[in-house]
Each structure stands twice: as C-alpha cells, then as structure tokens.
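The values are calculated or read from the model by the stated rules, or taken from the named source; none is laboratory data. These numbers come from a predicted model, not from an experiment. When we count neighbours, we look across all protein chains shown, and the Cβ atoms used for this are built from the backbone with ideal geometry, even at glycine.
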Amino acid sequence: MATLKFTVLAGDGIGPEVMQSALEVLRKACAPEGDELSYTECAVGGAAIDKFGEALPESTLQECRKADAILFGSVGGPKWESLPPNKQPERAALLPLRKAFKLFANIRPGLLYPELTDASPLKTERIPNGIDIVCIRELTGGIYFGEKKTYQKPDGETAACDTMEYKVSEIERIAEVAGQTAMARGKRVCSIDKANVLETSVLWRKTVTEYFKKHFPEVELSYLYVDNAAMQLARDPNQFDVFFTENMFGDILSDEMAVICGSLGMLCSASLGDIKNSLGNKFGLYEPAGGTAPDIAGKGIANPCAQILSAAMMLRYSFGRAQTASRIEKAVRRAVCSGVRTADIAFGKKPVSTKEMTQAIIENL
Ligand code: NAD
C-alpha cells in the first residue's frame with residue numbers, strides 16, 4: 001500500500017486522449033493493492049508553448065523533480081512546425097528532460113501478439129508466433145549531443161560537422177542495462193555498432209566485450225554491424241532477444257522495429273538513468289513510441305494501448321509493482337486478442353473508439 005507520485009505530461013494531439021485512458025486503467029489496476037495515485041498534470045510541448053511561450057517551462061521541470069516518475073504522452077504537430085528547430089516541441093521538451101534526469105537508456109519492447117501479425121508489413125510466415133524482442137538505445141551521448149558547427153572551408157565553401165563521442169563509462173552503463181534486461185529474458189544480447197569504420201564503435205565493441213565477460217558471463221553476446229542489423233531485423237526479427245546500440249543507430253533501428261511490430265499505437269517505452277526516486281527505484285520517463293498523430297487527433301479513435309503499456313512499465317521500473325504491471329499487460333493482450341480493436345489494428349474487425357478500447361482493458365484486468 002503506497003502513494004504513487006508521478007508527473008503527467010500529456011502534451012499535444014492524441015497525447016491527452018490516450019493519457020486519460022492510461023490514468024483510468026492505472027487507477028483501477030492499482031486499487032486492489034491499496035496503492036493510490038498522486039499525480040500533477042503539467043503543460044509540455046506545443047501546449048506549453050501556447051500557454052507559457054516555451055516547450056518545457058521551469059514550473060513543469062520543478063514538478064517533475066518532485067515526482068518519482070514521469071508519464072509522458074507525445075509532443076509536436078503542424079501548428080509548431082514553423083518554429084526554429086531549437087524551439088520545436090520535441091527538441092525543446094524531450095531532449096532537455098532526458099538531459100535533466102540523465103535518462104541514458106531507452107528500453108523499447110518490440111512486441112507483436114501472434115493474433116496481430118496482420119498488422120506487421122512482414123509476411124505472416126516469417127513471424128508465425130508474432131514478435132518478442134527488446135531494443136535498448138543509448139540516449140544521451142553520441143552524435144546528437146557532440147559538438148556541432150557550420151563553418152567556412154579555406155576555399156570559401158560552407159561545411160558542417162557533428163561530433164560523435166563515447167566515453168568508456170557511457171558504454172559500460174548501457175551495457176549494464178542490456179545485460180540486466182537479457183538476464184530477465186533469454187540471456188542473449190546483440191551489440192550493434194559500425195566497428196569496421198568508426199573509432200567510437202571500436203571502443204564500444206571492446207568495452208562491451210570486456211564488460212560482459214566480467215559482469216554477465218552467462219549471457220551469450222553477439223555483434224552486428226548496423227547496416228547488417230537493419231537487414232536482419234526485417235528478415236527475421238526473432239533471431240534477436242535483446243539488442244542494444246548507440247544513440248543514432250538506436251534512433252533508426254528502434255523505428256524500424258516499431259514498423260515491423262505493426263501499429264505505433266501498441267508500442268511503449270521507458271527511459272531510465274541512474275537517479276533513484278524516493279522509493280529507491282529508478283526514476284524514469286515513460287512514453288509511447290508514436291507521436292501526436294495529428295491525422296486522427298481529436299477524433300476519439302486513437303489506440304490507447306501504447307500509453308497504457310507505458311504506464312505499466314512505470315509501475316514495474318519506478319514503483320516496483322511488477323505484478324500490477326503484468327496484470328495490465330495481460331489485460332491489454334486479452335482485450336486486443338478478444339477482437340476489441342481500434343482502427344489502426346482492426347483488420348476486418350469493427351473498429352472501436354479510444355474509450356471503448358479502454359473500457360475493454362479495464363474489464364479484462
Ligand atoms: P506519429 O507517430 O504521430 O504518426 C504516424 C502514424 O501513426 C499516423 O498515421 C498516426 O495516426 C499513427 N499513430 C501513431 N500513434 C497512434 C495511436 N496511438 N493510435 C493510432 N494510430 C497512431 O508520427 P508523425 O506523423 O511523424 O509525427 C506527428 C507529430 O508527432 C510531429 O510533430 C512529430 O514531431 C511528433 N512526434 C513526437 C514524438 C514524441 O513526443 N516523443 C515522437 C514522434 C513524433
């Protein structure tokens with residue numbers, strides 16, 4: 001019995017619609033254990049730009065600092081696309097949040113139920129039992145955070161450069177997350193790099209090899225170059241169990257994984273760091289893999305499953321409530337597999353609304 005204290009950043013587009021669903025499911029799922037939800041809803045993204053003139057107001061950051069976790073919706077949309085890049089909702093809200101809470105590990109389960117194989121662009125015979133893999137992406141290092149500049153070459157031509165840098169400690173801490181994740185699953189990890197070309201990848205591979213030898217001797221470690229990994233993921237995703245990689249490769253591969261797993265409406269994620277919350281668990285930010293889906297926003301038809309499953313990850317990692325998290329995950333699966341489907345995963349079934357999908361999940365808890 002505890003009070004679960006988190007900050008709700010619903011954001012823009014379908015964010016507030018699916019967040020509503022996640023909060024309802026959380027409330028119902030936590031009640032039997034006597035756990036109470038205590039959350040503050042704050043503005044972020046485009047909504048915050050409209051209200052406060054910035055995507056991540058200091059007041060929102062302050063509330064996040066007081067909480068044990070952040071449940072995030074998604075941010076952005078056509079209304080804010082003409083702003084300068086560094087003012088745009090995603091860049092000006094998500095990147096500073098990741099930085100402020102040192103959220104260096106993004107864990108994204110790639111789960112496709114066997115009953116939903118139609119949702120994947122892959123042929124069903126390649127994934128007869130669905131997909132069940134995990135992508136772990138390093139989130140606060142590499143080329144997105146290195147020094148960048150645009151400058152004049154001596155011959156007068158304009159050039160630009162971005163710097164990719166990784167320290168041993170940054171590689172070791174993401175290797176630790178990958179190792180722990182593998183230990184809780186099939187004890188197989190694939191480390192993805194470009195060690196035939198990049199110095200950072202040579203260091204990555206050496207560090208990962210030594211780290212696993214010392215700390216995870218039971219885990220089977222393999223390596224792939226990123227270009228091959230992109231092909232293997234499309235050819236036979238279940239050859240992976242857990243794969244992990246640096247920031248930019250992970251950005252691309254995690255989206256490839258999202259598409260082969262069917263709808264973005266089903267995929268959740270957790271971003272974790274080393275910061276402990278007041279319960280001694282990991283502080284984390286939990287969000288769906290998809291964006292604000294402007295094409296369906298406001299219509300009440302968005303799939304709430306990704307947001308609900310993100311809330312389940314929050315219970316597991318930041319609140320130590322693995323059982324409640326499993327109950328939610330099973331309820332989502334039962335509801336979807338019983339044929340209750342929003343339009344993105346309907347495939348011949350009569351599509352239901354966000355509210356009806358949420359209700360079916362609650363009934364299956
Ligand atoms: P998107 O993920 O919003 O939408 C892509 C497609 O997936 C759309 O057809 C959409 O309807 C569908 N989709 C996504 N989530 C769904 C759900 N829950 N249920 C049903 N269908 C769903 O990607 P986009 O169109 O490239 O981006 C739209 C906006 O979202 C942009 O402003 C982008 O910057 C922003 N974005 C934000 C985040 C984030 O906040 N983390 C992530 C990605 C994109």
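Table for the structure above
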quantity: Selected residue (only one of Ala47, Ala22, Ala31, Ala10 is in contact (Cβ under 8 Å) with a residue 40 or more places away in the chain and either outside any strand (DSSP E or B) or not small (Gly, Ala, Ser) (or both)); calculated: Ala22
quantity: Residue in segment 264-274 that is assigned to a helix (DSSP H, G or I) and surrounded by fewer than 24 Cβ atoms within 10 Å (Cβ to Cβ) present; calculated: yes
quantity: Residue match in segment 322-336 (condition: within 27 Å of Asp255 (Cβ to Cβ) and part of a loop (DSSP other than H, G, I, E, B)); calculated: no
quantity: Residues (more than 13 Å from the ligand (Cβ to nearest atom) and among the aromatic types (Phe, Trp, Tyr)) located in segment 270-312; calculated: Phe283
quantity: Subset of segment 19-63 [more than 18 Å from Ser74 (Cβ to Cβ) and of a type in the set (Phe, Trp, Tyr)]; calculated: Phe52
quantity: Test: residue in segment 70-83 that is under 26 Å from Phe319 (Cβ atoms), out of contact with any helix residue (DSSP H, G or I) (no Cβ under 7 Å at 6 or more places or on another chain) and either in contact (Cβ under 8 Å) with a residue 60 or more places away in the chain or within 12 Å of the ligand (Cβ to nearest atom) (or both); calculated: yes
quantity: Output for segment 67-126, where each listed residue is hydroxyl-bearing (Ser, Thr, Tyr) and either assigned to a loop (DSSP other than H, G, I, E, B) or within 21 Å of Asp255 (Cβ to Cβ) (or both); calculated: Ser74, Ser82, Tyr113, Thr117, Ser120
quantity: Any hit, segment 242-251, residues being assigned by TED's automatic domain parsing to the domain that holds Gly76, under 19 Å from the mean Cα position of the chain (by Cα) and within 16 Å of the ligand (Cβ to nearest atom); calculated: no
